[in-house]
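The values are calculated or read from the model by the stated rules, or taken from the named source; none is laboratory data. Remember, predicted model here, so these are calculated numbers, not experimental data. Positions of Cβ are backbone-derived with ideal geometry, glycine not excepted, and every protein chain shown enters the neighbour counts. Ligands, DNA and RNA are excluded from the accessible area calculation, which covers all protein heavy atoms including side chains. Shrake-Rupley method; radii C 1.70, N 1.55, O 1.52, S 1.80 Å.
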Amino acid sequence: MKPIIRKALKSSLAESLATPLSVDHYLGLIDSKLSVDEPRGRIAEATRQTPDSVTLTIEPNDNWTRPAPGQHILFGIDLDGVRHRRCFSIAGAPDENSLEITVKRNGDGAVSNFLVDNVEPGQLVYLTHAEGEFYPNASPPARALLLSAGSGITPMMSILRAWIAADELPDVVFMHYARTSADMIYEDALDRLADEQPSLELVKRFTSADGRISADTLDAAVPDLDERMTWLCGPAGFMDSVQPLLDARTTKPVFREQFESSRREAAHGEGEVHFVQSDVAASGDDGSLLEIAEQAGLNPPYGCRMGICHSCKCRVTEGTVRNLRSNEVQDIRDTDIQLCIHAAAGDVAIEL
Ligand code: FES
């Protein structure tokens, strides 16, 4: 959209002409991807790389700004008239005009299951600008280790592709753990890149045959670990077992991204939770405030369920809460908190 048109559409005159609807509503009658300033996109391709995943190539509108390597977005889709938002890593290189995400089936996850089973090209999706600090560097290190498991491979693909696109690929060991070859997303793409790029060494490990990561396997695959900057991403159990191995082997920076709740022992709360606007009371004993709200039949918005996206932010009128990541207990009043990473540590009143 030309800047002069965007400026006109953002004016108070355009807004008042559109009232009681919005300018975006009328733009949507022309093309649902159009919006004055909201990033939106349309799915151009949906590729099933493995039976339980789908890779989406999305063509964004011109409100989208290009991400940095390894960042994530909040992805929104309307299902049965309700907009759901979830957090996904971008897997494509940042300078591509489209963006790519890969979604894995997730137990009872309504959005991921819909995407894996049913999504087709042409679907309109809602985006946020990318966020995340997984790749804070201005330029690649001389040597790198990309170490991932499961869907932790997606931000690694973004970093790797960014290096290749800029013709700045360093000496990289890309070590990835999947349950089997059939479960490994991006296996074909990585095999091709490893054939084409002499400085990329691909180490695939399949836990069904090779077992989980250990000191011996890491030492054998990356004997010069202490000379490499490391990027680490995967499920919480994987991250927990790898971190001490890295601590014992390198003093170089290790950048971590974890797309799974890092809650430890503090999953239990206590006290009573009162959802003020709904006038519903629930026991605070069982899980995060987000889970308690859902168990009570409420539908608070959420995206990542792990404290990244802030879409579950909600005001606590008064009460005592525990941060499930730090275990810190706080007495608060009229304060916005992320429901997914807080539990009740006493009675809590929430504006929901
Ligand atoms: S759902 Fe993303 S921060 Fe809570």
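Quick rundown of the values:
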read-out: Taking N as its residue count, the alpha carbon Rg of the range 73-227 over 2.2 N^0.38 Å; value: 1.14
read-out: Heavy-atom accessible surface of the chain: percent carbon and sulfur, 1.4 Å; value: 47 percent
read-out: Surface/4 of the Cα convex hull for the range 31-100, nm²; value: 5.5 nm²
read-out: Unit Cα scatterers, Debye sum, the range 1-66: log10 I(q)/I(0) for q = 0.18, 0.24 Å⁻¹; value: -0.71, -1.02
read-out: Among beta bridges that DSSP assigns inside the range 175-319, antiparallel share in %, nearest 5; value: 40 percent
read-out: DSSP-defined beta bridges in the range 42-177 - what % are antiparallel, rounded to 5; value: 75 percent
read-out: Alpha carbon convex hull of the range 51-151, projected area averaged over orientations, nm²; value: 7.6 nm²
read-out: Calculated P(r) of the range 150-279 - Cα pairs past 25 Å, %; value: 33 percent
read-out: Percent of beta bridges antiparallel (DSSP, the chain, rounded to nearest 5); value: 60 percent
read-out: Gain upon complete extension [ASP210, GLU294; 0.36 nm per residue less C-alpha separation]; value: 26.3 nm
read-out: Packing rank of 216-227, 292-303, where each peptide gets the mean count of other beta carbons within 10 Å, highest leading; value: 292-303, 216-227
read-out: Cα point-scatterer Debye curve for the chain, base-10 log of I(q)/I(0) at q = 0.07, 0.12, 0.15 Å⁻¹; value: -0.35, -0.99, -1.31
read-out: Proximal aspartates and glutamates relative to LYS7, as straight alpha-carbon distance under 18 Å, when same-chain residues fewer than 8 apart are discounted; value: GLU15, ASP24, ASP37, GLU38, ASP62
read-out: For the range 204-323, average projected area of the Cα convex hull in nm²; value: 10.0 nm²
read-out: Solvent-free Debye scattering, log10 I(q)/I(0), computed from the Cα coordinates of the range 301-352 at q = 0.19, 0.21 Å⁻¹; value: -0.55, -0.67
read-out: ³J(HN,Hα), Karplus 6.51/-1.76/1.60, whole Hz, each residue of the range 32-45, x for Gly, Pro; value: 5, 6, 6, 7, 5, 9, 8, x, 9, x, 10, 6, 8, 9
read-out: At R0 = 56 Å, FRET efficiency that the Cβ-Cβ distance of VAL82 and ASP167 yields, to 0.05; value: 0.80
read-out: Rounded FRET efficiency, nearest 0.05, which uses the C-beta distance separating ARG192 from ILE332 and R0 of 56 Å; value: 0.60
read-out: Cβ crowding within 10 Å averaged over residues, with 43-51, 78-86, 122-130 ranked highest first; value: 122-130, 43-51, 78-86
read-out: Distance violations [Cα-Cα > 25 Å] among LYS2/LYS33; LYS204/LYS252; LYS2/LYS313; value: LYS2/LYS313
read-out: Euclidean distance between Cα centres, the range 331-352 to the range 170-217, Å; value: 42 Å
read-out: Per-residue [θ]222 nm for the chain (sum of -39500 (n - 2.57) over DSSP H runs n ≥ 4, rounded to 500); value: -6500 deg cm²/dmol
